[in-house]
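Q: Pasting in a structure now, in structure tokens, and then I'll have a few things to ask.
Readers should treat all values here as calculations from the given coordinates under stated rules, not as data from a laboratory. Quick caveat: nothing in here was measured; it's all calculated off a predicted structure. We place every Cβ from the backbone using ideal geometry, glycine too, and count neighbours over all the protein chains shown.
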């Protein structure tokens, strides 16, 4: 087994990590977090989202965030967009890359975006056309690739068909998201095997949540399949609001970037991120949010 020599890390804490926080996070605080991430060597950051503010109030200040980070050099700041209007707002704000999102589950798609999978793809046609005209790289997320809270298990073949469609539409990268964290290495490997038969491996990313403490082993499994792009969130911020939590257990969210970097260091896989500075960013935002960091590595070091 040969693992990749280098990986690309897409830091999603300013968007996916914060979008479901109850307390509103100011643009200044988001900018401070992003600056700390940049100082740690993070070069791909999803800085905000241009969805309707009524849907996600936490992202209403994304234009101010982009205005405040324009001075950063050698960093790719992207924005999540739901449709052409969102795309136009993102470009006006200064985003140099955008991400679109759909689901491998019809039920989840309707609950999350109030439309079917095919309807969501239809919304992206004008986005991708405009992005191509403006030479704006476009990334895609597919949620629920391992399982859905409403439909249960999801067929890897279904994921592959959808990934291929997004790739053929013009998405340069397709991120396979285990949104509810139910995936295990066997399930993840099956999905990657099917998807990689239709989409080049260097265009496949992994986005794994840690609900059942499977995120790192799923990343290792993906690495063993040749995947070299992973999404993560400092301090493990974020998570799926549709995951049911008991009174005694609050499900973890995204895999913590600190924990991912620690593992990659142990595997001698290059990434250009400084772990100590990254932990500083995670502890900073956790303190500001009034919560403990979700990173086990950070807890062990501090």
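Q: Restricting to Cα pairs below 8 Å that are 6+ residues apart, what does the relative contact order work out to for region 22-97? Please round to a whole percent. Each step should come with its number before you reach the end.
A: Values: 98 pairs, mean separation 26.7, N = 76.
Computed over region 22-97, the figure is 35 percent.
Q: Also, I was wondering about something else. Would you calculate a helix-derived [θ] at 222 nm for the chain, using -39,500 (n - 2.57) for each DSSP H run of n ≥ 4 and dividing by the full residue count, to the nearest 500?
A: Details: 11 runs with 123 residues, N = 302.
Roughly -12500 deg cm²/dmol at 222 nm, from the helical runs in the chain.
Q: Fully extended, how many nm does the chain gain between residue 54 and residue 280 (0.36 nm per residue separation, minus their Cα-Cα distance)? All intermediate terms of the calculation are to be shown ahead of the outcome.
A: Details: separation 226, 0.36 × 226 = 81.36 nm, distance 3.24 nm.
Gain in length upon complete extension: 78.1 nm.
Q: Restricting to Cα atoms and excluding each atom paired with itself, what does the Kirkwood estimate give for region 1-67 in Å? Working shown, then result.
A: On the way: mean 1/r = 0.0775 Å⁻¹.
Kirkwood hydrodynamic radius for region 1-67: 12.9 Å.
Q: Something else: Using the 2.2 N^0.38 Å rule of thumb for compact globular proteins, work out how the chain stacks up: its C-alpha Rg over that value, please. Working shown, then result.
A: Numbers: Rg = 17.6 Å, N = 302, 2.2 N^0.38 = 19.3 Å.
So the Cα radius of gyration is 0.91 times the expected 2.2 N^0.38 Å.
Q: Another question about this same structure. Treat each spin label as a single point 7 Å out from the Cα along the C-beta direction, and report the residue 74 to residue 28 distance in nm.
A: 3.0 nm
Q: If you don't mind, another one. Using the eigenvalues of the Cα gyration tensor, what equivalent ellipsoid semi-axes result for region 157-302 when each is taken as the square root of five times the eigenvalue, whole Å, largest first?
A: Details: eigenvalues 148, 66, 35 Å².
Semi-axes, largest first: 27, 18, 13 Å.
Q: Counting pairs of alpha carbon atoms under 8 Å apart in space and at least six apart in sequence, what relative contact order in percent does region 8-301 give?
A: On the way: 594 pairs, mean separation 52.6, N = 294.
Across region 8-301, relative contact order equals 18 percent.
Q: Continuing with the same structure: What is the extension gain from residue 92 to residue 220, computed as 0.36 nm multiplied by their sequence separation minus the C-alpha to C-alpha distance, in nm to one decimal?
A: Working: separation 128, 0.36 × 128 = 46.08 nm, distance 3.82 nm.
Taking 0.36 nm per residue and subtracting the Cα distance, the gain is 42.3 nm.
Q: Return the whole-Å distance between the Cα centroid of region 169-196 and the Cα centroid of region 88-117.
A: Each part's Cα centre sits 17 Å from the other's.
Q: Gap in Å between the Cα centre of region 8-87 and the Cα centre of region 274-302?
A: Each part reduced to its Cα centre gives a spacing of 19 Å.
Q: Could you run the Debye sum over the Cα atoms of region 54-187, one equal point scatterer each and no solvent, and tell me log10 of I(q)/I(0) at q = 0.14, 0.21 Å⁻¹, two decimals?
A: Summing over Cα pairs of region 54-187 leads to -0.67, -1.25.
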